[in-house]
1. Give the long-range amide H neighbours of residue 220: residues separated by 5 or more places, or on another chain, with amide H under 5 Å away, using H modelled in the peptide plane at 1.01 Å from N.
2. Net charge around residue 399, counting only other residues with Cβ within less than 9 Å of its Cβ (Lys, Arg = +1; Asp, Glu = -1)?
3. For the chain, state the semi-axes of the equivalent ellipsoid (square roots of 5 times the eigenvalues of the alpha-carbon gyration tensor), sorted largest first and rounded to whole angstrom.
4. Among the GluC sites (Glu not before Pro) in the range 401-455, which ones are in a DSSP loop with at most 14 other Cβ atoms within 10 Å of the Cβ? Mind listing them?
5. When only DSSP loop residues count, what GluC sites (Glu not before Pro) in the range 202-308 have their Cβ near at most 14 other Cβ atoms within 10 Å?
6. How large is ³J(HN,Hα) for each residue in the range 354-359, as worked out from phi by the Karplus curve 6.51 cos²θ - 1.76 cosθ + 1.60 (θ = phi - 60°), to whole Hz, x for Gly and Pro?
7. Under a Cβ-Cβ cut-off of 14 Å, what is the net charge of the residues other than residue 74 that fall near it, where Lys and Arg count +1 and Asp and Glu count -1?
8. Let a ≥ b ≥ c be the square roots of the eigenvalues of the Cα gyration tensor of the range 143-198; is it rounded (a/c under 1.5), or, if not, prolate (a/b larger than b/c) or oblate?
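Just so it is clear, none of the values below were taken in a lab; they were calculated from the coordinates. From a predicted model like this one, the values you see are computed outputs, not experimental measurements. With ideal geometry, Cβ positions are generated from the backbone for all residues, glycine too; neighbour counts draw on all protein chains shown.
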Amino acid sequence: MIMDLRNSVLTTFLLGVLMLTTSSCKETYPPTDMTRNSIIPKPQSVVATNQTFVVDEGLSIRVEEGHEAFKKEALRLAGILKNATGVGFEVEEGDKAAWFGNTILINQSKADQNLPPSGYELDIKENLLTLTASSSEGLFYGIQTLRQLLTAQVEQAGGLQLPVLIPTGTIRDWPQYEYRGMMLDVARHFFDVPTVKRVIDYLALYKMNTLHLHLSDDQGWRIEIESWPNLTTHGGSTEVGGGEGGFFTKEDYKEIVAYAGDKHITIVPEIDMPGHTNAALASYPELNCDGKATELYAGTKVGFSTLCTDKEVVYEFVDDVIREISEITPGPYFHIGGDESHSTEQEDYEYFMNRAREIVKSHGKTMIGWVEVAHAGIDETDIVQFWAKEKNALQGAKKGAKLIMSPSKHAYLDIKYNEDSPLGLTWAGLTEVDDAYNWDPVTLVEGIEKVDVLGVEAPLWAETIETLDDIEYLMFPRILGIAEIGWTVREDRRWDEYRVRLGQHRDRMKAMGIDFYESPLVPWQEEASFFMDIEMTDEGGE
Ligand code: TNX
């Protein structure tokens, strides 16, 4: 009896302390407005509920039991928090909120939630943050959104201190296009593995899922092919301007593929042919019609080289190259270039592309070719990448091929922003940040429909760039706009609204150490707070 009494006194006391602590916590944090977070790409729907979810030492992160792929995503989230706050949160298995303290619950979506495969839902209440998706890819995208619900300092090691506050509300989100990518030209100037990894990190934050590597061109061959070793030892030894060039060993390439895969990014390898092949022609005389090796080339002209399309050895070469690269490429695509083959007769071009296409198929891959390939014998199993000449894109679509939209007037990251841009080319005009944003994949080419479009890609050709800083300058901030075009519904994309959101990404880009172009068209400002204005709160209290 006495014991019972003591117990209940103790329980009442503890409960009292608990209630005091929780209610005093609540008072400490002002109401929030999730819609003030400028998330890029813009989600499908955001509904704010004006409270605060608090991450403090008592946080539990829980994930469905026995689901390894989901657990990996939960650990990724814990890793982001650890890096930013220094505090390591354990990931526990379970599908219920912790009985004490706040919980982040990572869940598999139930059928009734109707989320597309790479969609996610973030449902944030005061004590429970639930991230739901049907695939680990969807969870990954939800985590990227969560990153943007935290202040920019989350991007810096040790940048955040507990408690970390997150606005409450619900976000349901999924992409419009299946292919959302960037291309990096490592042929005109070579970029090493750490640089490529950094580019992958950037793409991941904006929910891009493809990195296309332009691995060969007139100026350099950048991937080891064991059966044709001279391609790299000789063909990889220079670059635009005559620098020393470089190449990826197969191990380097595998490392890039794995790093990208971990971030749900597919690597698309490109070997450009039959033009843009001087590095190969200089390495192996037998690939030339006259049987003589060419000189290495460090200039920037295009359209002067071609493989000899009527020599059988050329097809043995093409087969070896595609086979060796396909063996270490888990993604479904192989890009065979096909652009600007001005030194190849049209008939020879078509014959060559048809055979190269068959070789790609024989190694189990889907062929992608630049838009000129629409002239060859392609069908609905192929993909055409539009960069110029709408007519060709339409022809490709009429043959049933899907299109990747990379309009040079909007999506080419190597085109200068304005006349004073220190880097970049001008052949496609000038591409300010609004030009890179103001376009739609479906309306570019008359006669195509949304079902014809696989997605968007922003190519970064490397004639004028040599360092990660150079890459960042041309990539940012235009890449954010391209990411949004690939992700967000057309009706929700308006430059006037986007430019304000973009302006608030200044702090985040700075926190990531990105050297970006501060366009005068963007109202750059400090990241807006998701906390409601103090006046508003005061008014509410009066
Ligand atoms: C055209 S677009 C090219 C590249 C150049 C680029 C420069 C395309 C398929 N080919 O060879 O690097 O312009 O902007």
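1. The answer is 279.
2. That sum, taken over residues with Cβ under 9 Å, equals -2.
3. Working from the Cα gyration tensor, I get semi-axes of 50, 24, 21 Å.
4. 419, 446, 449
5. Answer in residue order: 226, 244, 295.
6. Here the 3J(HN,Hα) series is 4, 6, 4, 4, 4, 5 Hz.
7. Local net charge: -3.
8. Verdict is oblate for the range 143-198.
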